[in-house]
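Worksheet for the structure shown next.
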Amino acid sequence: MKNIFVLFAFSLLMITCKNDPIIIPEFMAPQTDRVVIVEEFTGVRCPNCPKGQRELENLQLRFPGKVVVVGVHSFFLANPLPDSKYDFRTVQAEALNRHLGIAGSKPSAVVNRTEFDLTGVDGLFNGQVDTWAGVVESELEEFSKINLTQGVEYNEATRELSIDVNVITKEDINTKMYINVMITESEIEDPQEDNGVEIEEYEHNHVLREILTTVEGGDDFANSMGQGESITKSFNFTLPPEDGLWRAEHIDVAVFITADIDGERKALQASVAKIIE
Amino acid sequence: MNKIATTFILLFFFTLSSSAQNEAPKKNKGTFSGNLQTQASLFLEDTLIGATNFPQYDSTQISTENWLRLNYSNWGFDFGLRLDAFNKSNLINPNGGSYSAAGIGYWHIHTAQGKFDITLGHIYDVIGTGIIFRSYQERGLFIDNALIGARLEYKLNNDWSIRGYVGKNKFLFGTKAPLVKGGAIEGYIAGKEGSKFSMSPGFGVINRTFDDGTMEELVAVLKNYLEVDRFQPEWEVLAFSLYNTVNFGKFNWYTEAAYKTKDVIFDMNATRSLFSGEQSAGKYVLTPGSVLYSTISYANKGLGISLEGKRTENFIFRSTPFDRFNEGFLNFIPPMNRQSSYRLVARYLPATQELGELAFQADIRYRLNKKWSFLVNMSTISTLDNQRLYQELYTAVTYKKRGKYTLTAGLQFLEYDQGIYQEAGLPIVNTITPYLEFLYKFDRKTSIRSEWQYLNTDEDFGSWVFGLVEVGFAPQWLITIADMYNIDPSPNSPGPTDKKVHYPTVAVSYNYKTHRFSLSYVKQVEGVVCTGGVCRLEPAFSGVRFTLNSTF
């Protein structure tokens, strides 16, 4: 009798009651003025990275005008293939990677510099491509606390580029703010591993070419800003001579503002502009 | 709060340990024991072997991993505590990760009271072979998925017992969010008196319940899937396992059948449709899973025969669908290949394919007399569509001159689908590896051991030679010099293709009572590191390693 009671007690342990049906809501693009920055850590030897790039293109279609992408080629799987014409790695890209931590796998995305908690070890990095859309959507459910605009002027003769970045706050921001200005280049054809096949003329997009601030973000942007306050910062850069890379028509300027919030340096707003429209 | 709890528990243990050591012997002072494992790595960049491009090499960093385990038993209770400390460790992420943290990595309180056996805290346990549940620690792969909660076992009678668990799986210094419950009933049935028959049946159940956070993340993923790829996830999953060992004279037959109800897993072979119109490899799916596993062995005098078979389908069982690599394991599926300690023989190891695998292994050993013994091992692993992934034929002949020397020689033929086990697009690797090991004992204390292996292949990094000489002065000293030499490099080899690269190792280890110190200079080629079918690709390493193992 006692044994039957014990068996019954153990069986009770197995009884579960969480059966609420899960409804998957229909997708609706969030109505927001926010733009997210996605820093994708990638490499030409990374066989799964084209999957990441496809997903980012998918997200840019899914959330039109709301996703700015920077492709960071650094550390493992990023060294050129034997047939590569270019080495996309830069000292700044690796410094940025080191600043943010090291991705456990590639492709890996940092979305709005926001902690990614699914596994608990990745810190900012999200190596699960299928979850990127949900993370981006979640960030877009908030409105931006600032208006961020950039004016870009490019002199084709001298290849001089000047960028004026203006921030106007929509509410008080009582924390230190940083500015990040990155030059990216798209439509670069060069080999890429793609799920076991080397694609000789793979189109690399949003490749990080230069960071005009420090990799940590320009720390002299603002210690705090009151509602309606405006700050403009200017940056100048001369494009290196064209050598297959640095084709002005494929150069973008990605700008984003970060701020220290709850112990994290999160992105508030992002913007991207082509230097030649 | 965590620091206060840590301090309190530490004070408790140190008080116990000092009282255990100082009190008069006639008092019931209990028993205190412990173990310390420390390992430190100094990273020295070597671009020639590909030990570069990680932050550790930029600034010649030192990483350390430390585990201090303390045990105390008294008053009918066992207390266990383990302090874990990591400094810039790349163990969790060999690709340049740097993990620093310290704290209590394990604790338990255990007592056996009459028919009850009760444990609170971190629980390591296994049901059957682990197909539906195994919580364990494998430090080399940074796996520690102890169930943090309670375990209750009740002896129904002398032959039967039932146990249950409830808790959450450990992860680093926290837990995974989903709740895990389960248990098993196991017994022993003897044949009639004088019979050679007996059997040990068992039945286990594990239930995992998603937490709200995991479900919200899952819904966020599925919301962004197109209709064609969507499904309705479920909170609960149940995994059942029925297992039995039959002993009949010289035969031993183990069978296990496991089934998992519909669970959300990431199927890398599935295809997802994107909003852009493109297709993307891999997606989350809702599917049941199953494993059938059996092994039968026969042993008689000098002959031992073992046959194993396993069929696995969609049996990824983790805390959350987002766990990857070696994170969040709830179970362990036994591997189906021979484990080898020879460097080149073990260069290509197959990780268990949880999505789908059909595997067989045969192992035949024969000892002709006191001098000669023979071994043949065959294993083959394929997908459920009969695409072969792995095949090995391993032979060994051993000649032993008692008390003087032992000579072992053999040959390995291997086929290994590197594209599946390591990185998509890599070729099928075919190798032939002859090997020789010679152990000579000068006297009871002094010995010399030597290994020679040659791995022949046209794929991967090409062909290798490995040589090792190890001199032992028992019980204290062991000095090892080894070199793995890329004698016929392929275009994929690290460094220039015309350069034949050496990967030397020089190691010294010293034993003092129950303490073992080891210092080694290592150049290690990139490769797969496996423990029991759980594997990961480790990058090349160049540097110095120190390890300390101390038991007290």
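Read the figures in this text as sums done on the coordinates, not as results from a lab. Because the structure is predicted, anything quoted here is derived from the model rather than measured. Ideal geometry is used to build each Cβ from the backbone, glycine not excepted, and the neighbour counts take in all protein chains shown.
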Exercise. Which lysines have a Cα lying under 27 Å from the Cα of B:LYS115, excluding residues fewer than 8 positions away in the same chain?
Worked result: A:LYS2, B:LYS29, B:LYS155, B:LYS168, B:LYS181, B:LYS192
Exercise. What's the local net charge at A:VAL215, with K and R +1, D and E -1, over the other residues with C-beta under 13 Å away?
Worked result: -2
Seminar exercise, completed: Length gained, B:SER200-B:SER341, 0.36 nm per residue minus C-alpha separation, equals 47.6 nm
For this session: Starting from the Cα-Cα distance between B:SER290 and B:PHE77, subtract it from 0.36 nm times their residue separation and give me the gain in nm to one decimal.
Result: 72.8 nm
For this session: Take each of the peptides A:142-150, B:374-382, average the number of other beta-carbon atoms within 10 Å over its residues, and list them starting from the highest.
Result: B:374-382, A:142-150
Exercise. Where does each of B:LEU83, B:LEU303 land when they are ranked from fewest to most other beta-carbon atoms within 10 angstrom?
Worked result: B:LEU303, B:LEU83
Exercise. Do you know the relative contact order of the range A:62-202, to the nearest whole percent, from alpha carbon pairs under 8 angstrom that are 6+ apart?
Worked result: 16
Exercise. How would you order B:409-419, B:194-204 from highest to lowest mean count of nearby Cβ atoms within 10 Å?
Worked result: B:409-419, B:194-204
Exercise. At a Förster distance of 35 Å, what's the computed FRET efficiency of B:ASP443 paired with B:LEU519, Cβ-Cβ distance as r, to 0.05?
Worked result: 0.85
Seminar exercise, completed: Taking a ≥ b ≥ c as the square roots of the Cα gyration tensor eigenvalues, with a/c under 1.5 meaning rounded and otherwise prolate when a/b beats b/c or oblate if not, the range A:119-252 comes out oblate
Exercise. Does chain B come out rounded, prolate or oblate, given a ≥ b ≥ c as the square roots of the eigenvalues of its C-alpha gyration tensor, rounded meaning a/c under 1.5 and, failing that, prolate meaning a/b above b/c?
Worked result: rounded
For this session: Write down the radius of gyration of the protein assembly as shown and its Dmax, each obtained from C-alpha positions, in Å.
Result: 29.6, 101
Exercise. B:ARG343: net charge of surrounding residues, Cβ under 13 Å, Lys/Arg +1, Asp/Glu -1, itself excluded?
Worked result: -2
Seminar exercise, completed: For the B:SER550, A:ASP260 Cβ pair and Förster radius 56 Å, calculated FRET efficiency rounded to 0.05 is 0.80
For this session: Can you bin chain A into rounded, prolate or oblate? Criterion: square roots of the alpha carbon gyration tensor eigenvalues sorted a ≥ b ≥ c, rounded for a/c under 1.5, prolate for a/b above b/c, oblate for the rest.
Result: oblate
For this session: Using a 10 Å cut-off on Cβ atoms, rank the peptides A:197-203, B:129-135 from the highest mean neighbour count down.
Result: B:129-135, A:197-203
For this session: Kindly provide the helix-only [θ] at 222 nm of chain A, computed as the sum of -39,500 (n - 2.57) over DSSP H runs of four or more divided by all residues, to the nearest 500 deg cm²/dmol?
Result: -5500 deg cm²/dmol
For this session: Please check which bits of the range B:245-285 a label hung off B:ASP159 would reach, taking the label as a point 7 Å along Cα-to-C-beta and the cut-off as backbone N under 14 Å.
Result: B:245-247
Problem set entry | Proximal lysines relative to B:LYS445, as straight alpha-carbon distance under 16 Å, when same-chain residues fewer than 8 apart are discounted | B:LYS404, B:LYS513
Exercise. What does a probe at B:VAL529 reach in the range B:321-344, counting residues whose amide N is under 17 Å from the point 7 Å along Cα→Cβ?
Worked result: B:325-327, B:340-344
Problem set entry | Net charge of neighbours whose Cβ lies under 9 Å from the Cβ of B:GLY302, counting Lys and Arg as +1 and Asp and Glu as -1 | +3
Problem set entry | For residues of A:75-88, the mean tally of beta carbons on other chains within 10 Å | 2
Seminar exercise, completed: Dividing the mean separation of Cα pairs under 8 Å (6+ apart) by the residue count of chain B yields a relative contact order in percent of 10
For this session: Provide a whole-number value for the mean count of partner chain Cβ atoms within 10 Å of the Cβ atoms in peptide B:199-209.
Result: 1
Problem set entry | Percent RCO, i.e. relative contact order, over the range B:454-552, from Cα pairs under 8 Å lying at least 6 residues apart | 20
Exercise. Can you give the helix-only mean residue ellipticity at 222 nm for chain B, where every DSSP H stretch with n ≥ 4 adds -39500 (n - 2.57) and the sum goes over all residues, rounded to the nearest 500 deg cm²/dmol?
Worked result: -2000 deg cm²/dmol
For this session: Could you work out the mean count of beta carbons from other protein chains within 10 Å of each residue's beta carbon in A:126-136?
Result: 6
Seminar exercise, completed: Too long for a 21 Å Cα-Cα cut-off, among A:LYS66/A:LYS176; A:LYS51/B:LYS170; B:LYS400/B:LYS441; A:LYS266/B:LYS176; A:LYS106/A:LYS274; A:LYS106/B:LYS170, are A:LYS66/A:LYS176; A:LYS51/B:LYS170; A:LYS266/B:LYS176; A:LYS106/A:LYS274; A:LYS106/B:LYS170
Seminar exercise, completed: Listing B:THR245, B:THR295, A:THR131 by rising number of other beta-carbon atoms within 10 angstrom, fewest first, gives B:THR245, B:THR295, A:THR131
For this session: Let me know the charge dipole size of chain A about its Cα centre in debye, to the nearest 20, where only the beta-carbon of Lys, Arg (+1) and Asp, Glu (-1) is charged.
Result: 1040
